[in-house]
Amino acid sequence: MKIPTAILLFLLFYQCSIGQQLDFDKIQFRGLHFFSTKSQIIKTLGNPNQEFEPQYDCGGLSEAWQGAKYYTLKYQNVKFTGNNNEKYLIEEVDFKNESSVVLLYEDHILNRETTVEELVELFGRQIKEQINQGQGNGQFTVLHEIRDDGIILETKDGKLIRFRYWTAC
């Protein structure tokens, strides 16, 4: 009986130490989900400052790789990229120049005041490993457990300055 209890305790502490697994469904920007339709985005944020085809060479948002055209809706501090068939995803949020820019991850607020320590609490293992390799500042990649994509969290002076979608090439 002692061995199963020890294993259960180990698994419990191990799960706590690795933080949450990346879940795109937990990400929101001004009430918009990570994956939103173009009409939802425009209804919430108004017309974009710029709309263009990003022309990526490779990856999940590449016309050449996916066989579909992609469009970017660029606003002051946020970019959405996608199309009408697959929805648009939050491609980038820039926190560094605007204190009112907020991204939600479940009930956690991510903004320019979010510290590296708070990011470690949220995404544990993946960020801890990168810090242990000497990356105290810079970019932290958090990979999705099942999909071939993730996010990049960029920090400067120990604070979050940018959130970006990442996809493999």
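Is it true that some residue in the stretch 74-87 is farther than 30 Å from Glu53 by Cβ and surrounded by fewer than 16 Cβ atoms within 10 Å (Cβ to Cβ)?
no
Sort through Glu117, Glu106, Glu92, Glu121 and tell me the only one that's surrounded by fewer than 21 Cβ atoms within 10 Å (Cβ to Cβ), free of Cβ contacts under 8 Å to residues at least 60 places away in the same chain and of a type outside the set (A, V, I, L, M).
Glu117
What pairs come up if the first residue lies in the stretch 59-87 and is more than 21 Å from Asn47 (Cβ to Cβ) and without any contact (Cβ under 8 Å) to a residue 24 or more places away in the chain, the second is basic (Lys, Arg) and part of a loop (DSSP other than H, G, I, E, B), and their beta carbons are under 9 Å apart, counting only those six or more places apart or on different chains?
Qualifying pairs under 9 Å: Glu63/Lys69.
Just so you know, all these numbers are worked out from the coordinates, no wet-lab data involved. As the structure is a computational prediction, the values presented were derived from the model and not from experiment. Cβ coordinates were reconstructed from backbone atoms using ideal geometry, including for glycine residues, and neighbour counts include every protein chain displayed.
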